Structure formats: C-alpha cells, structure tokens
1. Residues that are over 20 Å from the mean Cα position of the chain (by Cα), farther than 22 Å from residue 163 by Cβ, crowded, with 19+ Cβ neighbours inside 10 Å and without any contact (Cβ under 8 Å) to a residue 60 or more places away in the chain: does the range 231-240 have at least one?
2. What's the number of the condition residue 91 fails, among (1) free of Cβ contacts under 8 Å to residues at least 60 places away in the same chain; (2) crowded, with 21+ Cβ neighbours inside 10 Å?
3. I need the full set of residues from the range 139-187 which are charged (D, E, K, R) and more than 25 Å from residue 126 (Cα to Cα), in order please.
4. Can you pull out every residue in the range 225-266 that is of a type in the set (Ser, Thr, Tyr) and either touching a Lys or Arg at 6+ places or on another chain (Cβ under 6 Å) or not in a strand (DSSP E or B) (or both)?
5. Looking only at residues that are outside any strand (DSSP E or B) and at negative phi in the range 25-57, which one is surrounded by the fewest Cβ atoms within 10 Å (Cβ to Cβ)?
6. Just to check your reading of the model, which residue among 126, 77, 130 is of a type in the set (Gly, Ala, Ser) and under 29 Å from residue 238 (Cβ atoms)?
7. When both residues are 6+ apart or on different chains and their Cβ atoms are under 6 Å apart, which pairs have a first residue that lies in the range 251-276 and is of a type in the set (Lys, Arg), and a second that is in a loop (DSSP other than H, G, I, E, B)?
8. Restricting to the range 58-71, name every residue that is of a type in the set (A, V, I, L, M) and surrounded by 14 or more Cβ atoms within 10 Å (Cβ to Cβ).
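Only the coordinates and a few stated rules stand behind these numbers; no lab work does. Keep in mind that this is a model prediction, so the values were computed, not measured. Glycine gets a Cβ as well: all are built from the backbone with ideal geometry, and neighbour counts include every protein chain shown.
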Amino acid sequence: MKNHLFKIGILTIACFACSFVYSDNHKKEYKFETIAEGLSFPWGIAFISNNEILVTEKTGKLRVIKNGNLLEESVSGVPDSLFRGQGGLEGIVLHPNFTENKYLYLAFSETDPLNKRLNTLRVVRGKLEGLALKEVKTIFKANPSRKTSNHYGAKMVFLADGTLLITSGDGFSYREMAQKLDNHYGKVIRLNDDGSIPEDNPFLSTPGAKPEIWSYGHRNQQGLATNTDGSIVYEHEHGPRGGDELNIIEKGKNYGWPAITYGIDYSGALISPFKEKAGMEQPIHYWTPSIAPSGMTFYDGDLFAKWKGNLFISGLVPGDVRRISINGNKVIEEEILFTALGKRIRNVVTAPDGSLVLATDEFPNQLNPQGGKLIRVKPNK
C-alpha cells in the first residue's frame, strides 16, 4: 500500500509541475515493428533512405541496417572513441547534400593525445564509401579537455543556411565555465560544413571568446532539432535533480546554467537560489521531476497527420516519448507515449516515410551490452 501511494505521489508532482501531461490515448492507432536488435548502446541514428539506416553504438562502432537486416560488418575508418561513463561514439548527422558528396559527421569522446588522463569531445567529417569512412577530417575539438567522462552533449543539426550546430556539454564538474566565453563547456557551437568559422558568429569580436560559440549557459544538451523550414532551433538539456529544459536557441543568447535553474543538486543542495535573471533566457518548458530527455525530432511527416508540427522527445526515466504541441514559443500540450515498451528510450527520429523510429537500451546497460533495439512506430492499419 505504501508503494502504491508513493507512485501516486510522484505522478501528482509531475503533473503539477508541467500541467500538460496526459496519458497515451492513441494505443490503437499505432503499432511497433522491430527493425533491428542486438545493438550495443545505440545512440545516434541517420537515414540514407527509409531502408538504409546508420546507427552509432556508444561502444565505438558505426552499424548499418539494410532492408531490415543489421549487417555484421561495421563501417571501417571510424576513429577510436573513449567508451567510459557517458562517453563514446554518439552523434551522427548527414550532410544536406549527402546524396552527392557522401559526407557524414560523427561526434564522440576521445582521450586527449597529449594527456591520457584527460578527454574531450571531437567531431569529424568523413566520406562514406560502401562500408568504409574515408577522408576523415577533424572539424571541431572541445577545449579545454576535462577529467570527467560526463556531459558531452554531442548532438548535431544542420541549419537552413548550411552551417552546422554542435552541442558541447558542461563536463559535469565544470559547470561554472558554462557562463564564460573562453571555453567550450556548456555551449552550442556553430561551424561551416568544413569546420571553418562563419563570419556572422556572435562572439567573433569579443576579446577572449571562442569564435565557434553560438549560445552559452547550457548543461548537457541531448536534443537538437529544427522546424521544417529551419527558422526555429529547439534544444533540450538534462537538468541536475529536476529542471530538464526545452529551449528555443537563438544567436548569442545566454541560457542561464548554472546561474539560474529549476533543479537542485543531486545531494539536495541548492545550485542557485535563482530561477530567472535579467539577460538570461527562460526555457519554454521544463520537467520536475526529471525525465532525462535523450533525443528529439520535429515531426513533419504525413503518416501521423494530426501530429504534424509537433516535437517528440525521448526520455530515459521512466522510459517514454513526450509529444509536445507548440504554438510559437508556447507549449500547448504534452502527451506521454509508448510506455508499453517498458524500455529506456535513447533516441527518437523521423524516418523518410513519416514513421517514427526509436532506439531503446537496457538499464544498466553493462548487464546487457547488446540489448539495444531500433523500433519503428507506424499507423495500425
């Protein structure tokens, strides 16, 4: 009885905090199809076509799924990554002109070659030729390196102008650095597709600032997506104990971490007494308790017509997907979906055919290192 009351209490807190949460009312409208299983820590997903999918495994491999079959051979030429803590081979995005140039981008943690006790976030560009990655070039390396193996960010998205945004997390133990412009901790980075710095980046003329910085004051940004025409950039990030945030990212703005937050430290101590300050942006939505947001897609497909224009955010705790209906910069409705899977959902993406594809993993993964799956969500017709 006590456990039952505790669960009711937690649900009440969650509903009161966000005021938009509803149960899944669409269970008969969709079905799940397993695309692939036996994946080790699946993280990033990119579609070459509806039937050819690239998946990063955090353990270091880039896997290929063709016509529903997970190929045994992984892509060669992928740089070594540091699989430790929250690090590994993580983000992936295809160049907007991938069909012509075959360029893809990978974000991962790696050991600092000059000091093996340190590590950092690195992003490379390479040309995919069959099952080989060639002409690999580093386009970004977060500086300075860190001792921790947490909070890398490692999500990427191309903007309508052809520039690339990269999330670079605060490294967990370096949170105060997120408010300073002389480092890459807790920043969103903007680069040209070859790694050069765009001439209209906001801090090019700021003394001591890193010229790659697009926005700052972030924690651990695990979701990054644009709307259909690329005019709005959505980002979400893990809060500490509570205070996960959904933001609209704009050039040169300060998103407050850790000077303002809706969460508290894991010990229960205050991180900041402030939830808002002048000159610092407010999230358009936040979650307390945390849902551990892990991926995000802006849905502009046709298979689920009534979901068109909604955001879908995957969560690790307790394991579901949040459908977020937005009008401008206001969250109108939030709905909890896909709880029947009973899994931590690591990512959610929109497939070319308009279906949703989920990456799941087990917790703790170390006990089931190949328990990850890719699952397609389609209309139940």
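1. no
2. (1)
3. 146, 147, 170, 175, 176, 180, 182
4. Correct list: 228, 231, 255, 261, 262, 266.
5. 28
6. 126
7. That search, which allows pairs on different chains as well, returns 251/202; 253/281; 275/260; 275/262.
8. 62, 64, 65, 70
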